[in-house]
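Worksheet: the structure to be examined is printed underneath.
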Amino acid sequence: MLLSGGKFRKEKIMKNLWELKNLKVPAALLLILGICLTGIAQDAGSPAEEKKVLTAVDQKMLKRISVDFRETPIDDVIRTIAKQVDLDIVKGPAVTGNVTATLTDVPLEEALNHILTAYGAGFVKSENMIRIVPSDQLTEETEKVVSKIYRIVYADVTEVEQALTKVISSRGSISASAATGNIMVTDTESRMAAIDSFVEEMDRKTPLILVEAKIYDLKNTDALDLGVEWGAGRNTGRGIPPGRATGSGMSAIGGPVTGFSRSDPFLTGAFDSTTTKVASTGTLDFGILTDHMDVDILLSAIQQQDTAKLLASPRILVLDNQTASFKAIEEIPYQQLQQGGFQSFGTTEFKEVGVELKVTPHLAKDGLIRLHILPVFSVHVRDVEITTIGAGGAQISSPQPVIDKREADTIALIQDGETVVIGGLRKQTINQLISKIPLLSDIPVLGALFTFEGEETINSELVVFLTPRIVDEPILTETEKEYLEKTVFPAPHDPSARIDSDTRKIKEKQAEN
């Protein structure tokens, strides 16, 4: 036989030709047979398409089944079919419904296609099982999975990781390293395109906002009216439209300030165009200094007064949507009495008074800045004597500070560089004054003629000027810029760092000489 297993072998062909020659077959016939057999051998020797190897799942998908279902829950249908063909089938929770079908001697793959298609589902084969998923997930389930590493520069790695969990598909996974700032995402190729855009959007450079606060303590004597003159010093603009926060017990004096409306579209809450009398601590007033008013001139005029004191002038560079906190406080000590056994003892506690300010800026459109302002103003009004019963029934008195506090919560929408003014926390102090003429005031009886007594009333008010500015990069002074340009940044643990530094110093010294 020249055919073995459906394939020709060259060795056997040559052997058969040799046998034919020994049988004295004519040479011409041998030549013809040789050519034909050689062609057949070449065709047989060419690479044939290998037979596809069926997996265990593929083999079971060829099995024929017969089923009859009447309004049967699809979970029971899958369970019955899986048991009949001895195959593991996993169904997702999104595939639901009741099945009515009669199938006789049908291949498993065909049966599943007919049943699942009617319920908007399909199946995905793996090596040892099949998974049933909704039809819209079939492409994703069969798509190639890829991995990509993202370097997070500006955003918080943990926040990006948490946000990505809502973007990846059911086949996706996330692994993040806060130490290196890297996030590795594994998902389908089509989903990775959406993830690229999402990460790029989240990892944008966050705008920086410079929040500058100036906190003043304004004083005046003889019970004169105090406070920022909300309508004074303005040019052709809104000036300083006043606003009012929470509080009660105010008495208004003076006429209304004209030149602006009683409500300002850039500050929440109603406005009042009057100021308050220095009779109590008052309430917190709000206003906006526009670009039509020279804020520096106003502040300079305040500082030139002997009764004006700048308590603090903090400047904080804060990220968009982050909170900046300011504190200009004084701690008031007092004794906290405690009873222990047969004796009383006291511990020193402190209460804070002054200004505490929390500002959260948000960069809006068209250069506007939305400020969420939480000011807390507190002042030490007086001390009161608190009497307690100590050991043995003895009465113990200790002075306790009375703190007057004002709080507000407001939102202002202002232009870049405009100033929000917060004022209204007032304090009144009465001092006893005694003025004497030396020697003459010491004469008995007649000395009273040369002694003058009276009261001095000192009124003070805390005023805060708050100015946010959008910055594209951190602000450096000229000196800081000069040092930055001269600074050499060697690699970590670079032994040549010291040499480079010394060489630079020598060159600078030679240049000076």
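Readers should treat all values here as calculations from the given coordinates under stated rules, not as data from a laboratory. Computed from a predicted structure; not experimentally measured. Neighbour counts are summed over all protein chains in view; Cβ atoms, including those assigned to glycine, are modelled from backbone coordinates with ideal geometry.
Counted by neighbouring Cβ atoms within 10 Å, the residues I434, I329, I130 run from fewest to most as I434, I329, I130. With 0.36 nm allotted per residue and the present C-alpha distance subtracted, the V153-M184 stretch has 9.7 nm of extension available.
Calculate, in whole percent, how much of the Cα-Cα pair population of region 62-140 lies beyond 17 Å. For region 62-140, the share of Cα pairs beyond 17 Å comes to 39 percent. If I take R0 = 60 Å and measure r between the Cβ atoms of L54 and H362 in this structure, what FRET efficiency does the formula 1/(1 + (r/R0)^6) give, to the nearest 0.05? Result of the calculation: an efficiency of 0.45.
Full extension of the chain segment joining L62 with D472 gains 140.9 nm, where the gain is 0.36 nm per residue of separation less the Cα-Cα distance. For region 143-202, the square roots a ≥ b ≥ c of the C-alpha gyration tensor eigenvalues yield an a/c of 1.5 or more together with a/b exceeding b/c, which makes the shape prolate. For the residue pairs K60/K148; K63/K166; K205/K327, the C-alpha atoms sit more than 31 angstrom apart in K60/K148; K63/K166.
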